[in-house]
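Here it is, the structure, as structure tokens.
Values in this text are rule-based calculations from the coordinates and carry no lab data. As the structure is a computational prediction, the values presented were derived from the model and not from experiment. Don't worry about glycine lacking a Cβ; one is built from the backbone with ideal geometry, like all the others, and counts go over all protein chains shown.
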Amino acid sequence: MEINFIVATGMNLLINLLYTILALFIGVCGMKFVDNKLLKQIDLEKEIKEGNIAAAIFASTLVIFVAIIVAAGFKG
């Protein structure tokens, strides 16, 4: 194998890893925004700590939807 192929593969891996971390961070920030603005009467973090499975599923669904939207925005 040529060194150029290995370097190109490493760069692609690094770019994808950075993209994934950025999308995850923006997704979590988006979930926090939705939690604070739309769900003022429900404290999701408290509900999840108390063992409310439905709140955990709802929060993870929010993160997934925000991540899909962010990923679509990044791809153009």
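Could you tell me which GluC sites (Glu not before Pro) in the chain are loop residues by DSSP with no more than 15 other beta carbons within 10 angstrom of their beta carbon?
Numbers: sites: E2, E45, E47, E50; in loops: E2, E50.
Sparse-neighbourhood loop GluC sites (Glu not before Pro): E2, E50.
Under the definition of Cα pairs under 8 Å and six or more residues apart, what whole-number percent is the relative contact order of the chain?
On the way: 27 pairs, mean separation 28.9, N = 76.
The value is 38 percent.
Shifting gears a bit: What share of Cα pairs, in percent, lie more than 19 angstrom apart in the range 3-75? Present the calculation step by step, with values, prior to reporting the outcome.
Numbers: 1257 of 2628 pairs.
Beyond 19 Å sits 48 percent of the P(r) for the range 3-75.
May I pose another question? What ranking, highest mean first, results for peptides 52-63, 8-19 when packing means the other Cβ atoms within 10 Å averaged over each residue?
Details: 52-63: 14.4, 8-19: 10.4.
Top to bottom by mean Cβ count within 10 Å: 52-63, 8-19.
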